[in-house]
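I have placed the structure first, in the form of structure tokens, so that the comments after it can refer back to it.
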Amino acid sequence: MKILIIGGDAAGMSAAMQIVRNSSGHEITVLEKGGVYSYGQCGLPYVISGKIESTDRLIARTPSTFKKKYGIDARVFHEAQNVDIENKMVSGINHSNGDTFSLPYDRLLIATGVSSVIPEWEGVTLPGIFSLKTIPDAKAIMDYLEKDINNVTVIGGGYIGLEMAESFAELGKKVTIIERNEQLAKIFDTDMAELIHEEAVKQNIVLKMGESVEAFGGSDHVESVKTDKGEYETDLVLVAVGVKPNTSFLERTGIKTSVNGAIQINAYMQTSIEDIYAAGDCATQYHRVKEKDDHVPLGTHANKQGQIAGLNMVDVHKTFKGIVGTSIIKFFDLTLGRTGLSEKEANMLNIPCGSVTITATDIAGYYPDDEKMKLKLVYHKETLKVLGGQIIGGNGVDKRIDVLATAIFHSMTTDELLDLDLAYAPPYNGVWDPVQQAARRVK
């Protein structure tokens with residue numbers, strides 16, 4: 001069977017490896033638009049800050065490894081531009097030499113990921129304005145930082161914006177975040193986001209909230225950012241206002257798309273067209289709490305969906321069980337974790353909900369060096385089912401968010417949280433874990 005995969009990163013290569021490990025006799029070809037395979041995109045901010053010494057550390061396997069060790073025809077700089085569903089052909093261009101190509105397939109996986117959204121602001125093409133999605137993006141930013149860069153502006157207060165604000169600050173730059181909304185990290189409720197704002201100010205990050213970028217100033221490089229409320233000098237700009245699925249080349253195929261233009265798939269990773277599968281950031285993910293398709297592009301989902309797609313493509317049937325919206329990031333001295341629905345999301349979905357917010361410590365309060373965390377538990381008012389959780393603090397946030405994510409995945413109630421047998425010893429926890437402390441306050 002001729003198996004063709006478009007996209008050589010998390011989802012695509014997870015699928016390819018599952019095909020190799022669970023079946024044989026197939027001709028596997030992977031088309032990657034760029035020159036790098038199978039790398040950890042989430043590590044890029046830490047390469048820029050110097051915490052990770054090189055982008056080479058992020059690469060799991062090279063194209064030559066896939067070819068020599070696993071027999072996968074891993075091609076670089078091959079951009080797929082058209083899918084002929086009637087004749088089962090994919091055509092495009094080889095950017096290394098300018099030649100066109102056309103390849104047949106029996107089964108096709110689309111794993112093209114997402115690209116950074118760059119609005120058409122005046123002056124947006126000036127040197128010194130960047131986005132961050134790929135290793136070449138990171139290298140371009142690091143090269144530009146070799147210049148006399150003092151003032152850095154980050155546009156967007158989401159996860160990438162926050163991580164990069166920290167990275168630039170750690171390099172000694174004066175950092176300004178411009179966010180069109182009134183809060184950073186809008187996936188958190190406003191009362192929780194206050195802690196993120198306080199941490200930003202504590203770390204000397206200048207916040208320009210409720211401002212919309214309109215243009216950039218400068219002649220041969222960026223020198224200022226113009227918003228609807230002012231103009232600010234800058235030496236470098238990072239645009240982090242969102243991402244969009246790389247699916248425009250599929251517009252005439254009849255493949256159905258859904259949220260944000262992501263490819264609509266079922267639990268087997270199948271699209272609306274027979275023998276065409278999709279996985280990862282370019283595809284939808286079923287949200288178990290919302291009970292509908294969503295688009296939450298994260299490496300965790302991409303790897304899982306890729307694995308499941310690969311198995312189904314060789315008739316080893318397995319389903320993707322869905323997501324609950326779990327994520328976590330480091331922002332200076334804070335860890336920001338969330339899972340399930342925020343109170344704001346639950347209200348938008350007309351779900352009758354209540355919430356409990358507490359301040360607790362990561363370990364026993366009498367044990368040295370305990371650290372505080374703020375925990376918000378969102379629950380269904382009628383069934384007491386756990387709907388979501390948000391935790392911001394120092395140590396121990398990750399453990400509690402994973403407990404809540406597991407509880408939400410299995411539709412547990414707040415009463416059932418109290419029944420959990422969680423680990424306890426003074427250096428690690430109190431007798432009542434913070435998650436259970438919050439659950440006890442539910443009325």
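Amide H contacts of Thr257 (H built 1.01 Å from N, in plane; Pro and chain starts excluded): Gln264 sit under 5 Å, all sequence-distant by 5 or more or on other chains.
Among bridges DSSP assigns within segment 118-239, what percent are antiparallel (round to 5)?
So the antiparallel bridges in segment 118-239 amount to around 30 percent.
Counting only aspartates and glutamates at least 8 places from Lys202 when in the same chain, those with an alpha carbon closer than 16 Å to its own are Glu163, Glu166, Glu170, Glu194, Asp333. Placing unit charges on the Cβ atoms of the charged side chains and taking the dipole of the chain about its Cα centre, the candidate lying farthest along the positive direction among Met13, Gln183, Val152 is Met13.
What the phi angles of segment 204-221 give under the Karplus curve with 6.51, -1.76 and 1.60, with θ = phi - 60°, is a coupling list of 6, 7, 7, 10, 10, 9, x, 10, 10, 5, 10, 6, 10, x, x, 9, 9, 7 Hz, glycine and proline written as x. Net charge dipole, segment 327-440: roughly 380 debye, given to the nearest 20, about the Cα centre with Cβ charges of +1 for Lys and Arg and -1 for Asp and Glu. Projecting the Cα atoms of Val403, Ser258, Val356 onto the charge dipole of the chain (Cβ charges, centred on the Cα centre) puts Val403 farthest toward the positive pole.
Bridges between two residues of the chain, per DSSP, are antiparallel at a rate of about 60%.
Is segment 118-272 rounded, prolate or oblate when judged by the Cα gyration tensor, a ≥ b ≥ c being the square roots of its eigenvalues, rounded requiring a/c under 1.5 and prolate requiring a/b larger than b/c? Note, shape of segment 118-272 comes out prolate.
Using θ = phi - 60° in the Karplus curve 6.51 cos²θ - 1.76 cosθ + 1.60, the 3J(HN,Hα) couplings for segment 320-326 round to 8, 7, x, 10, 10, x, 8 Hz; x is entered for Gly and Pro. Ignoring lysines fewer than eight residues from Lys68 along the same chain, the ones with Cα atoms less than 22 angstrom from its Cα are Lys2, Lys33. Couplings 3J(HN,Hα) of segment 160-173, computed from phi: 5, x, 5, 4, 6, 4, 5, 4, 5, 5, 5, 8, x, 8 Hz, in residue order, whole Hz [Karplus 6.51 cos²θ - 1.76 cosθ + 1.60, θ = phi - 60°; x for Gly and Pro]. Segment 87-104 and segment 277-310 have Cα centres separated by 27 Å. Normalised by the number of residues in segment 118-239, the mean separation of alpha-carbon contacts (under 8 Å, six or more apart) gives a relative contact order of 35 percent.
Of Val239, Met192, Ser131, which is farthest along the charge dipole of segment 118-239 in the positive direction, counting Lys and Arg as +1 and Asp and Glu as -1 at C-beta? The residue sitting farthest along the positive end of the dipole is Ser131. Only lysines eight or more places from Lys147 in sequence, or on another chain, were considered; those with a Cα closer than 17 Å are Lys139, Lys173, Lys174. Proximity of backbone amide H atoms, modeled 1.01 Å from N, is registered between Cys353 and Lys381 at under 5 Å, excluding neighbours fewer than 5 places apart on the same chain.
Of the trypsin sites (Lys or Arg not before Pro) in segment 1-82, the ones in a loop by DSSP (not H, G, I, E or B) with at most 16 other beta carbons within 10 Å are Lys51. For Lys133, the residues whose modelled amide H falls within less than 5 Å of its own, excluding neighbours fewer than 5 places apart on the same chain, are Ala138. A simple charge model with +1 on the Cβ of Lys and Arg, -1 on the Cβ of Asp and Glu and nothing else charged puts the dipole of segment 118-239 at about 140 debye relative to its Cα centre. Taking the Cα centre of the chain as origin and assigning +1 to Lys and Arg Cβ atoms and -1 to Asp and Glu Cβ atoms, the resulting dipole is close to 1140 debye. When the pairs Lys133/Lys244; Lys88/Lys133; Lys290/Lys372; Lys292/Lys374; Lys290/Lys344; Lys67/Lys244 are compared against a 20 Å limit on Cα-Cα distance, Lys88/Lys133; Lys290/Lys372; Lys292/Lys374; Lys67/Lys244 fall above it. Geometric descriptor of segment 306-347, per residue, is 95 Å³ (volume of the convex hull of the Cα atoms).
Readers should treat all values here as calculations from the given coordinates under stated rules, not as data from a laboratory. As the structure is a computational prediction, the values presented were derived from the model and not from experiment. Note that each Cβ is placed from the backbone with ideal geometry, even for glycine, and that neighbours are counted across all protein chains shown.
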